[in-house]
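> Below you will find the structure I want to go over with you.
The values are calculated or read from the model by the stated rules, or taken from the named source; none is laboratory data. Quick caveat, the model's predicted, so the values are computed rather than measured. Here the Cβ is made from the backbone with ideal geometry for all residues, glycine too, and neighbour counts use every protein chain on show. With ligands, DNA and RNA removed, areas are computed over all heavy atoms of the protein, side chains included. Shrake-Rupley method; radii C 1.70, N 1.55, O 1.52, S 1.80 Å.
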Amino acid sequence: ALEVKERKLNMLAYRKIPLHVSGTTFSGTKQTTKNIKDIIPHIAMDSKIGNLPVSQIDLDQIHSTADEIDTYFGNTYCSEFSYTFDSDNLSFEEIISTVTNSVFCTAYRRGSKLKLSFEKEQDTSTILFNHRNKIPNTEIRTVSFGNFSDNDGIEFEYVSPQDDAVVTIYRPEDQSAVNPKKIESVGIRNATQAAIQADRLYNKIRYQNQTIEFDSTSEGNVAVRNDRILVTDGTRSGSFEGEVIAQNVLELTLSQDLDLSDSKTYTIFLQMYDGRTESIPITKTSTPNKILLNQVPSLPLVI
């Protein structure tokens, strides 16, 4: 009583909330759950936290994202969140961000609806930023031949479910890092999820060696954080960017003249109207601003 200045009570508690079934349907009885597909809608609709109507929550998208996380990693641990918020000073955005960060996601709004963006490997890009939608003279590229930051490793802490002790994961595992980045995780309470988080953060330190900063036109609103995008390098000479002015079968008329060499091969990257980008080999013509595509685009071009 003399050592502890304020009253404290520590225990394991399991939330019992209605589980999301599909659409706007929830289970009739409250059940224990650690899955974000149940937790996030509950937080969002709670009158004292998010206070959002069901119409502003994309329940099926959040549900399917949670299932996608399980499938992607091959287990059900990575979509779990295990933490009790003990502060009433946190905003709804801060609480949701804490939950989604633990499961490799970012929360965002699209058309007033709350959705999740899962950070995963992506085969295609959602948008191509080039001459048409980058504000001139705003692009800055920074390349590092070492680590971007002063950190050379990771010390990742999580709470063990066996004895509630704080466990530290080291990357590299031999603890050879001189200046590791120390991270106290929130909501992670299993070794599998913690190890994947630590590996991802460590790989970002190891492999991220370039940053690109630029101002875009309003088309930038199409992209969501964690989306894969394509950005043409406007800082170097020898690149050709512009718009497609006209199309005659395989012949494209471009907004800029091209200075193409006969001894080299070239590829054009086209932004399709559905958001995908498509790369097609090209052949030069006798007209400087016209080229021939080596194959038909998968969709009609926007000119």
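> Starting at the first residue of the range 199-208, write each ³J(HN,Hα) from the Karplus equation 6.51 cos²θ - 1.76 cosθ + 1.60 with θ = phi - 60°, in whole Hz, x for Gly and Pro.
5, 5, 5, 5, 5, 5, 5, 6, 10, 7
> Considering Cα pairs under 8 angstrom that are at least six residues apart, work out the relative contact order of the range 224-271 and quote it in whole percent. Could the numbers behind the result be given before it?
Numbers: 22 pairs, mean separation 10.4, N = 48.
Computed value for the range 224-271: 22 percent relative contact order.
> Oh, and also: Taking a temperature of 25 °C and a viscosity of 0.890 mPa s, what whole-number D in µm²/s does Stokes-Einstein yield for the range 18-122 with Rh from Kirkwood over alpha carbon pairs? Don't jump to the answer; show the numbers that get you there.
Values: Rh = 14.0 Å.
The diffusion coefficient I find is 175 µm²/s.
> Suppose the chain between residue 132 and residue 56 were pulled fully straight at 0.36 nm per residue; how much longer would it get relative to their current alpha carbon spacing? Walk me through the numbers before you get to the answer.
Details: separation 76, 0.36 × 76 = 27.36 nm, distance 3.32 nm.
Gain on stretching residue 132 to residue 56: 24.0 nm.
> Want the number for residue 237 to residue 179: 0.36 nm per residue separation, take away the alpha-carbon distance, what's left? Present the calculation step by step, with values, prior to reporting the outcome.
On the way: separation 58, 0.36 × 58 = 20.88 nm, distance 3.81 nm.
That works out to 17.1 nm of additional length.
> Let me ask something else about it. Counting only the heavy atoms of the protein chains, how much of residue 227 is accessible to a 1.4 Å probe, in Å² to the nearest 10?
So the heavy atoms of residue 227 present about 50 Å² to solvent.
> Further, regarding this structure: Obtain the nm distance between the two label points defined at residue 164 and residue 85 by a simple spin-label model: each point lies 7 Å from its Cα along the Cα-to-C-beta direction.
Label-label distance for residue 164 and residue 85, simple model: 2.2 nm.
> Still on this structure, I have one more. So for 145, 118, what's the accessible-area order with a 1.4 Å probe, most first?
145, 118
> Ok, one more. Can you give me the distance in nm between label points at residue 7 and residue 286, each placed 7 Å from the Cα along the Cα-to-Cβ direction?
9.3 nm
> Take the Cα of residue 255, step 7 Å along the line toward its Cβ, and report every residue of the range 138-158 whose backbone nitrogen sits under 17 Å from that point.
Hits in the range 138-158 for residue 255 at 17 Å: 138-139.
> Per-residue ellipticity at 222 nm for the chain, helices alone: DSSP H runs ≥ 4 residues times -39500 (n - 2.57), over residue total, nearest 500 deg cm²/dmol?
-5500 deg cm²/dmol
> Run through every distinct alpha carbon pair of the range 122-240 and return the Kirkwood hydrodynamic radius in angstroms, one decimal place.
Numbers: mean 1/r = 0.0583 Å⁻¹.
The answer is 17.2 Å.
> Only loop residues by DSSP count here, and only those with at most 10 other Cβ atoms within 10 Å; note down the chymotrypsin sites (Phe, Trp or Tyr not before Pro) in the range 210-303 that meet that. Write down the numbers at each step before the final one.
Details: sites: 214, 240, 266, 269, 273; in loops: 214, 240, 273.
Answer by residue number: 273.
> Moving on. Taking the solvent-accessible surface of protein heavy atoms with a 1.4 Å probe, what is the per residue accessible area of the chain in Å²?
I get 62 Å² per residue for this part.
> Hey, any idea what Rg/Rh is for the range 186-238, computing Rh the Kirkwood way over Cα pairs? Don't skip to the answer; put the middle values down first.
Details: Rg = 16.6 Å, Rh = 14.7 Å.
That ratio equals 1.13.
> Longer than 22 Å from Cα to Cα, which of 16/48; 264/284; 115/204 are they? Say none if no pair is. Show your work: numbers first, answer last.
Details: 16/48 17 Å; 264/284 10 Å; 115/204 25 Å.
Table pairs above 22 Å Cα-Cα are 115/204.
> Tally up the carbon and sulfur contribution to the accessible surface of the range 177-303 as a whole percent, 1.4 Å probe, everything protein left in place. List each step's numbers first, then the result.
On the way: 3780 of 7960 Å².
Using a 1.4 Å probe with all protein chains present, the range 177-303 comes out at 47 percent carbon and sulfur.
> Where nothing but the Cβ of Lys and Arg (+1) and of Asp and Glu (-1) is charged, how large is the charge dipole of the chain around its Cα centre, in debye to the nearest 20?
Working: 31 positive and 41 negative charges, 98 e Å.
About 480 debye.
> Follow-up question, since we're still on this one. Please identify every one of the trypsin sites (Lys or Arg not before Pro) in the range 263-303 that sits in a loop by DSSP and has no more than 16 other beta carbons within 10 Å of its own beta carbon.
Passing sites in the range 263-303 are 264, 276.
> While we're here: Spelling out what I want: for every residue of the range 187-194, take phi, set θ = phi - 60°, compute 6.51 cos²θ - 1.76 cosθ + 1.60 (Karplus), and round to whole Hz; glycine and proline get x.
x, 9, 9, 8, 5, 5, 4, 5
> Percent of accessible area on the range 6-150 owned by carbon and sulfur, 1.4 Å probe? List each step's numbers first, then the result.
Values: 4140 of 8630 Å².
Within the range 6-150, the accessible surface is 48 percent carbon and sulfur.
> How would the range 106-180 be classified by its alpha-carbon gyration tensor: rounded, prolate or oblate, with rounded meaning a/c under 1.5 and the a/b versus b/c comparison settling the rest?
Oblate shape, in that a/c is at least 1.5 and b/c is the bigger or equal ratio.
> Could I ask something else about it? So how compact is the chain: Cα radius of gyration and Dmax in angstrom?
Values for the chain (Cα only, Rg and Dmax): 24.8, 90 Å.
> Right, next: Would you rank 76, 65 by solvent-accessible area, highest first, keeping every protein chain in place and using a 1.4 Å probe?
Working: 76 85, 65 5 Å².
Result, largest first: 76, 65.
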